[in-house]
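Written out below as structure tokens is the structure these notes cover.
The values are calculated or read from the model by the stated rules, or taken from the named source; none is laboratory data. Just so it is clear, the model here is predicted, and its values are computed rather than measured. Here the Cβ positions follow ideal geometry from the backbone for every residue, glycine too, while neighbour counts run over all protein chains shown.
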Amino acid sequence: MPLIEIHDYVCFAIARPTGGYREAISLYGANGTRVADLRFTNDTISPPSESVYGIYILSYTREEYADVLDMLRNEKPIYLWWGGEGSVSYLRTGLEDVGEGETELLDG
């Protein structure tokens, strides 16, 4: 099962009158190739992960969108773990020191 480092992402806000997912994030690997799509649905239980034409599809609830986007914006490195069709797949950060915390830039 591959562990893929994510280098870039693109967010989508989809105007869709028939329902389905309305927010999505595409993830890109080191060579600029799209490796995964994250879909955010109204469902209370996320559908299982799948692979379509070599692109990994992970589904989340809409409530998880802000948390996933926050991780992509603020953490580095980020990895995608693909567990296989219908299995657990996830995003994760790299190894971080305990107590690292956030740093603030001070003017002066």
Review point. Among the candidates Ser51, Ser59, Ser87, which residue alone is loosely packed, with under 14 Cβ neighbours inside 10 Å, modelled with pLDDT under 95, polar (S, T, N, Q) and part of a strand (DSSP E or B)?
Key: Ser51
Check your understanding: In segment 22-71, what residues are in contact (Cβ under 8 Å) with a residue 40 or more places away in the chain and more than 17 Å from Ile6 (Cβ to Cβ)?
Key -> Arg22, Glu23, Arg62
Practice item. Could you please let me know if Gly32 is assigned to a loop (DSSP other than H, G, I, E, B) and on the phi > 0 side of the Ramachandran plot? Key: yes
